[in-house]
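My structure is below; once you've seen it, I'll send some questions.
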Number of protein chains: 2
Amino acid sequence: MSRPAGRALLRRSRRALDVGGGGPAPDRLLGSAVVTTVAVVGGGQLARMMAPAATALGVGLRVLVEAPTTSAAQVVTDAPVGTPQDEARVLALVAGPPAADVLTFEHEHIPAATIAAVERAGVPVRPGPGALLHAQDKLAMRRRLSDLGVPCPRWAPVEDEAALTAFLADVGGVAVVKTVRGGYDGKGVRVVRDAGDVAEWFAAARTGGPALLAEEKVPFTRELAVLLARRPSGEVRVWPVVETVQRDGVCAEVVAPAPGLEPGLEQAAVDAALAVAEGLDVTGVLAVEMFEVAPGSGEAHGRVLVNELAMRPHNSGHWTIDGAVTSQFEQHLRAVLDLPLGETSPRARWSVMANVLGSTLERLTDALPAVLAADPAAKVHLYGKEVRPGRKLGHVTVSGDDLADVRARAVAAAALLRGEGLPTL
Amino acid sequence: MSRPAGRALLRRSRRALDVGGGGPAPDRLLGSAVVTTVAVVGGGQLARMMAPAATALGVGLRVLVEAPTTSAAQVVTDAPVGTPQDEARVLALVAGPPAADVLTFEHEHIPAATIAAVERAGVPVRPGPGALLHAQDKLAMRRRLSDLGVPCPRWAPVEDEAALTAFLADVGGVAVVKTVRGGYDGKGVRVVRDAGDVAEWFAAARTGGPALLAEEKVPFTRELAVLLARRPSGEVRVWPVVETVQRDGVCAEVVAPAPGLEPGLEQAAVDAALAVAEGLDVTGVLAVEMFEVAPGSGEAHGRVLVNELAMRPHNSGHWTIDGAVTSQFEQHLRAVLDLPLGETSPRARWSVMANVLGSTLERLTDALPAVLAADPAAKVHLYGKEVRPGRKLGHVTVSGDDLADVRARAVAAAALLRGEGLPTL
């Protein structure tokens, strides 16, 4: 279908870009057969988990890392240090040599000016800035999704306390207030019953901090996520809809597929995600987090309301590494390179991913003997990060035919990695 | 079972070894949470494919590579250049910092003196030299396997032409002559009907070249391989027995599990491999290549005769990356670190791996658009190697319920990567 596009991309000439800085010249790659390079901004576990996929495809990875010891820097040979705010460093990242075929991200915190500079240098940025804006700015996202007819919670920009008070009255006295930019993993999100609950956010907004958005507090029955990938030529592939379990605003478990999902609701969830992907012209992996709401009287099934978007591999898709024919990390590389997408069907009836959030252990590898002995089929993924309370340090995926068993095993393995239940030495 | 052993290993103090050279000091790893390190000799695709497994387990990999552009060097951050003959380089490899927990290999061409020096430095070598000898020296292997009662073809050391002539008379006029050391992928193996067919090998042997071994030419019906892993504590796990298809002495395809394998013969194959693993005290992955021979009159099933051994991840196990719960690369790391072994059950009814041996393409990545479009479920693994005739450049694994379909698809994908059937641009 779009083979010529992908082929042309792969054959793109290895010109040196006319940018300052020069960038790293990885001697070890000169003369090798690696000629296709994906540049990535951000050196955390998401970039780290792209590395095995790049290795399999024979594609080079060049990652801009925050420090030489980050999660991704440990396993990516070409990992210069810098920040996305440093335009010269990002230009050097894509310049190479060899020049990158595309620039992508493992987080959304990229200045628009940086993206524009890379595009001026002739390197495609995927997802593009027009799409990425909607993963960076929650108000822009709500406006656009509402325009597209994608179901959302009731929402309003709240410029001051009076606007929030009025919104609270409209939605029954309780709302979720979010900073429009900069939030993640529950940060920048607060449940409020009074405008005074976010007084300091309003103060910050008046002095240059992020604006605020209020949303109704949805009485959801559970949370779902739809993960898909879309390439520039338009091909889209969707993984099975999953159930996500959040604790304190952070993903704790993912069950794939979402148990007992009514087919009509599943279709509504997929339709909403497709509308986002196509309406916003997303390229790469897109995660759409949703609330499932119980059916009203006379309704055949419940509804979904879109909560958040992420335009990159996402925690709700980590199960795909072991549980799906194509992992989200491989698919993201294929999508941003405009290569044909991979099959998204599951490899097992059920897969459950459990996050390791913090640990009492000094090093997670100390728990490997116990974890691997307890469950020879558990797939353990450690991120090489120093332990801090609540930090995402790794995850475990277990697959099988019996959901209760699979779920209990994934949770037990993650608990051992958090240091719970290990024998003292 | 042996949890204390693994735990003790992982907690082994990070002492600096008292060896010269100092070795590479990878700044990027200092201060990180990576504290367990596996050192590997050899920078080809087998070491390359250990990297994703090490990434997932949070284990560091330090690979001694032949050049800064080798297959493994492209994807391993800590990849000093050197040869296994250079004892100082190998000592520096295990010295770090940080010190390696264990030294292992991706090929058998390691001098005994190098291994002894590493053991004297206090770093375990796995497989150990007493086991590895039998993967290095085919005559030592035949002697030991015969002592252990493991079924082998008839064999004899042949010191000169007269000995070979006598052996030929014994076995019906045709034999397979092998150099005792240094052979691989069909090199150092020749079918002979006359002692003069290997005259130059005898001449070489008389001037310091490898000695020669003669074996009967087994009238096999097909070739099988048993892959297992064994850890120092004795735990062993065996993958399903596979059928291997060789062309010109090189593995071309692997079918997992071996179709229509009679249960009694399967048991005999596994028993033979277990006898090798335990009799030789192998640690790490062991591949035992075998001939299947048709049953004689009155026999319930055929027999297996052991052909070759490899004590490392092996081409006959590449299907496990995508087709089994635990890949041979992850298992090898677990085994040499004395960590509990992973489940070896298949993820699908059938998996077929097809090697990409040579290509008419300049770069294999040029075929990615066509290969990925033709088969969205094909798992493509490219090794980043420059194209040379007949060279192992990559492989493709396809899994599914219909063997004929799975096999045809794997073969077709490998053909596209060899440059066959691609549209000209």
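The values are calculated or read from the model by the stated rules, or taken from the named source; none is laboratory data. On a predicted model such as this, the values are computed, not experimentally measured, just so you know. Glycine also receives a Cβ, built like all others from the backbone with ideal geometry; neighbour counts cover every protein chain displayed. Surface areas here come from the heavy atoms of the whole protein model, side chains and all, with no ligands, DNA or RNA. Shrake-Rupley method; radii C 1.70, N 1.55, O 1.52, S 1.80 Å.
Being within 26 Å of B:G188 (Cβ to Cβ) and either more than 15 Å from the chain's Cα centre (by Cα) or at pLDDT 95 or above (or both), is that true of even one residue in segment B:230-237?
No.
Tally time: how many residues in segment B:288-306 are hydrophobic (A, V, I, L, M, F, W, C) and either closer than 27 Å to B:L337 by Cα or loosely packed, with under 13 Cβ neighbours inside 10 Å (or both)?
Number of matching residues: 3.
Taking segment A:96-115 only, how many residues are open to solvent by 10 Å² or more (accessible area, probe 1.4 Å) and closer than 24 Å to A:L339 by Cα?
5
Could you check, for segment A:324-340, whether at least one of its residues is closer than 29 Å to A:A415 by Cβ and either out of contact with any Pro (no Cβ under 9 Å at 6 or more places or on another chain) or open to solvent by 30 Å² or more (accessible area, probe 1.4 Å) (or both)?
No, there is no match, as no residue in segment A:324-340 is closer than 29 Å to A:A415 by Cβ and either out of contact with any Pro (no Cβ under 9 Å at 6 or more places or on another chain) or open to solvent by 30 Å² or more (accessible area, probe 1.4 Å) (or both).
Same structure again: Identify all residues within segment A:61-77 that are touching a Gly at 6+ places or on another chain (Cβ under 9 Å), open to solvent by 10 Å² or more (accessible area, probe 1.4 Å) and under 23 Å from B:L364 (Cα atoms); write none if there are none.
A:T77, the sole residue that qualifies.
I've got another one for you. Being open to solvent by less than 10 Å² (accessible area, probe 1.4 Å) and farther than 27 Å from B:R334 by Cβ is the filter here, so list the residues in segment B:242-287 that pass it.
Passing the criteria: B:A252, B:L265.
Report, by residue number, each residue of segment B:198-212 that is within 25 Å of the chain's Cα centre (by Cα) and without any contact (Cβ under 8 Å) to a residue 60 or more places away in the chain.
Of segment B:198-212, the ones within 25 Å of the chain's Cα centre (by Cα) are B:209-212.
Answer for segment B:198-212, where residues must be within 25 Å of the chain's Cα centre (by Cα) and without any contact (Cβ under 8 Å) to a residue 60 or more places away in the chain: B:G209, B:P210, B:L212.
Determine whether A:R154 is modelled with pLDDT of 95 or more, under 24 Å from A:P219 (Cα atoms) and touching an Asp or Glu at 6+ places or on another chain (Cβ under 8 Å).
Yes, satisfied.
Find the strands (runs of 3 or more DSSP E) located wholly in segment B:280-361 whose residues include 1 or more that are of a type outside the set (D, E, K, R) and either over 23 Å from B:V380 (Cβ atoms) or at the interface with another protein chain (Cβ under 10 Å from one of its Cβ atoms) (or both), and list them. Don't jump to the end; show me each part of the working.
Details: elements: B:284-293, B:303-310, B:350-357.
Correct list: B:284-293, B:303-310.
Which condition number does B:G358 fail, the rest of (1) open to solvent by 10 Å² or more (accessible area, probe 1.4 Å); (2) in contact (Cβ under 8 Å) with a residue 60 or more places away in the chain; (3) small (G, A, S) being met?
Of (1) open to solvent by 10 Å² or more (accessible area, probe 1.4 Å); (2) in contact (Cβ under 8 Å) with a residue 60 or more places away in the chain; (3) small (G, A, S), only one is false for B:G358: (1).
Give me the residue from segment A:40-55 that is touching a Gly at 6+ places or on another chain (Cβ under 9 Å) and within 7 Å of another protein chain (Cβ to nearest Cβ) and, out of that set, nearest to A:H381 (Cα to Cα).
For segment A:40-55, the residue satisfying everything is A:R48.
Which one is farthest from B:P259 (Cα to Cα) among residues in segment B:209-237 that are in a loop (DSSP other than H, G, I, E, B) and open to solvent by less than 40 Å² (accessible area, probe 1.4 Å)?
Once the filter is applied, the top-ranked residue is B:G209.
For (1) assigned to a strand (DSSP E or B); (2) of a type outside the set (A, V, I, L, M); (3) at the interface with chain A (Cβ under 8 Å from one of its Cβ atoms), each residue gets a yes or a no:
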site	(1), (2), (3)
B:A367	no, no, no
B:P389	no, yes, no
B:V398	yes, no, no
B:A410	no, no, no
B:E420	no, yes, no
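Shifting gears a bit: Looking at B:G323, B:G394, which is the one that is in contact with a Ser or Thr (Cβ under 6 Å, 6 or more places away or on another chain) and modelled with pLDDT of 95 or more?
On inspection, the qualifying residue turns out to be B:G323.
Let me ask something else about it. Please identify the pairs in which a residue from segment B:81-96 that is basic (K, R) has its Cβ atom under 8 Å from the Cβ atom of a residue that is in a loop (DSSP other than H, G, I, E, B) and open to solvent by less than 20 Å² (accessible area, probe 1.4 Å), counting only partners at least 6 apart or on another chain.
That search, which allows pairs on different chains as well, returns B:R89/B:P80; B:R89/B:G82.
Considering segment A:210-240 alone, what residues qualify as being farther than 28 Å from A:G172 by Cβ, away from chain B (no Cβ under 14 Å) and among the basic types (K, R)?
Listed by number, the list holds a single entry, A:R230.
Enumerate the pairs (first residue in segment A:370-382 and at the interface with chain B (Cβ under 7 Å from one of its Cβ atoms); second residue anywhere and open to solvent by less than 10 Å² (accessible area, probe 1.4 Å) and among the basic types (K, R)) with beta-carbon separation below 8 Å, excluding pairs fewer than 6 apart on the same chain, so at least 6 apart or on different chains.
Listed pairs, sorted by first residue: A:L372/B:R334.
Right, something else. Give segment B:144-160 a look and list any residue that's surrounded by 15 or more Cβ atoms within 10 Å (Cβ to Cβ) and over 24 Å from B:L265 (Cβ atoms), or say none.
If the condition is that a residue be surrounded by 15 or more Cβ atoms within 10 Å (Cβ to Cβ) and over 24 Å from B:L265 (Cβ atoms), then B:A156, B:P157, B:V158 are the ones that fit.
Now, a different point. Could you list, in sequence order, all residues of segment A:307-323 that are open to solvent by 10 Å² or more (accessible area, probe 1.4 Å) and either within 20 Å of B:A413 (Cα to Cα) or among the hydrophobic types (A, V, I, L, M, F, W, C) (or both)?
Within segment A:307-323, A:L309, A:I321 qualify.
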